[in-house]
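Undergrad: Sharing a structure, written as structure tokens. Questions coming.
The values are calculated or read from the model by the stated rules, or taken from the named source; none is laboratory data. Computed from a predicted model, the values in this text were never measured in an experiment. Quick reminder, even Gly has a Cβ in these numbers, built from the backbone with ideal geometry, and neighbours come from all protein chains shown. The accessibility values were calculated without ligands, DNA or RNA, using every heavy atom of the protein model including side chains. Shrake-Rupley method; radii C 1.70, N 1.55, O 1.52, S 1.80 Å.
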Amino acid sequence: PLPLQAYGYKGSYEEREGRSCVRYKCGLPCNTIQDVLHQRPNWIEVKDDGEWDFNWCDVGWLRENFDHTYMEEHVRINHFRNHYELTRKNLMVKNLKRYQKQLEREVGRIEASNCDFFPCTFAMPSEYHLFVEEFNRSPGNTWIMKPVGKSQGKGIFLFRKLKDIIEWKKDGSRSEEQKDGVQVKSYVAQRYIENPYLINGRKFDMRVYVLVTSYVPLKAWLYRDGFARFSGIRFSLSSIDDKYMHLTNVSVQKTAPDYDHEKGCKWQMQQLRRYLTAKHGREMVETLFKEMDNIFVRSLQSVQKVIINDKHCFELYGYDILLDQNLKPWLIEVNASPSHTPSCQEDYEMKCRLLEDTLNVVDMEGRLTGKEKRVGGYDLMWNDGPVYREDANLQTFGSSGFTANTHLGCVNDREKQLRQLLKPFPCQRKA
């Protein structure tokens, strides 16, 4: 018989390359991810139509090319085909509502109440009439309107009167952003959280990173670092038109006249966790972080059946979580392309660590066994079921007897951990 090469078989990745190099394609402009890929030992960038083993693309490239790209076994790409089921505001809520109803049917109301972590939300214009009913039930409440396909705080406004929406409905038909086609017209109307937790009188939200390497079975990792983004102006409900007060997006805040580009408006997650612990005690803060773990897992489970699972895909999600005064976490949205553009040096270093460890988990080099519960700053949070800490001594056992393997806002001694994990790992050049 002819050798396999005669049939166009190129040899497995190991045979062909001896795993000596990884050819990568990066579709994002100069950005932290470019630096991280460029500095990775034995990774080589391919341009244009060159063959690649690893592709960090934007969602636009995915839309155009995914369906007609043949991928060999070893190839990896940084999005799932229909990631938008979780990352578009209207679809996320639709999937969460559906999952909640399913839990109520199959398990019961108490189980379904574990999904009560997103504000009351309506897709507009399709659920306009349902929205009006709810609006009239609680007059005087503040609502927030967000376009579903946009990010960075674009197109968002707060309102308290139906006439503001009627104006918006009229405007929608002749929007100056018509060029984006259909997307512009779909919005969500969401009950605004009127009692956000404030630090120094300012509102903030949290950005947390979750890496999914498989949906079936579900395998998800939680990064130890993240940050809180503060608004630059003290919070008050008396002026609902001030975007610098109500929106914490860095892309909004950095246009404020008094924005400090050196310091930015961020706290590292470790700083936030220490602050909250000093103020409320360890137990309350551990409960809060457990409730956040619940948000990550339930939201992924809500789309597990609809996401097209593909062993070539992984996804780094940026979760936006808002705390209210009762220390209850609310899921605001999930981003498929969280910004890796740094707002200051500290932010750049954190994002480099995050992206390096994302590549360490994806493991193009084949250095892991697949049994790891921790890789650098990532802790395995869910592996077809909850993952528990190995070091849980008897004193720390909670009521359930097990402690989740999550360490958000805890020490990230990743270098030491990676040295032990990847003994033969060539020294990484520092950024």
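Undergrad: So if R0 is 30 Å, what FRET efficiency would residue 64 and residue 344 give, r being the distance between their Cβ atoms, rounded to the nearest 0.05?
TA: 0.30
Undergrad: Using a 1.4 Å probe on the protein heavy atoms, what percent of the accessible area of the range 282-398 belongs to carbon and sulfur?
TA: About 48 percent, which is the carbon plus sulfur part of the accessible surface.
Undergrad: Could you order 30, 410 by accessible surface area, starting with the largest, using a probe radius of 1.4 Å? It would help to have the intermediate numbers written out before the result.
TA: Details: 30 135, 410 40 Å².
Result of the area sort, largest leading: 30, 410.
Undergrad: Within the range 55-154, what is the number of lysine pairs with alpha carbons under 19 Å apart, leaving out pairs fewer than eight places apart on the same chain?
TA: Number of lysine pairs found: 9.
Undergrad: Test of understanding: what is the full-extension gain from residue 42 to residue 21, defined as 0.36 nm times their sequence separation minus their Cα-Cα distance?
TA: 7.1 nm
Undergrad: Students often get this wrong, so check it: of 203/305; 219/279; 25/351, which have C-alpha atoms separated by over 31 Å?
TA: Table pairs above 31 Å Cα-Cα are 203/305; 219/279.
Undergrad: Here is a follow-up. Would you rank 340, 38 by solvent-accessible area, highest first, keeping every protein chain in place and using a 1.4 Å probe?
TA: Solvent-accessible surface, decreasing: 38, 340.
Undergrad: Got a number for the accessible area of residue 275? Probe 1.4 Å, square angstrom, nearest 10.
TA: Residue 275 has an accessible surface of roughly 70 Å² with all protein chains in place.
Undergrad: List, in order, the whole-Hz ³J(HN,Hα) value for each residue of the range 309-315 obtained from phi through the Karplus relation with A = 6.51, B = -1.76, C = 1.60 and θ = phi - 60°; use x for Gly and Pro.
TA: Calculated HN-Hα couplings, in order: 6, 8, 5, 7, 9, 9, 8 Hz.
Undergrad: If you don't mind, another one. For the residue pair residue 326 and residue 241, what label-to-label distance in nm results when each label sits 7 Å from Cα along the Cα-to-beta-carbon direction?
TA: 3.3 nm
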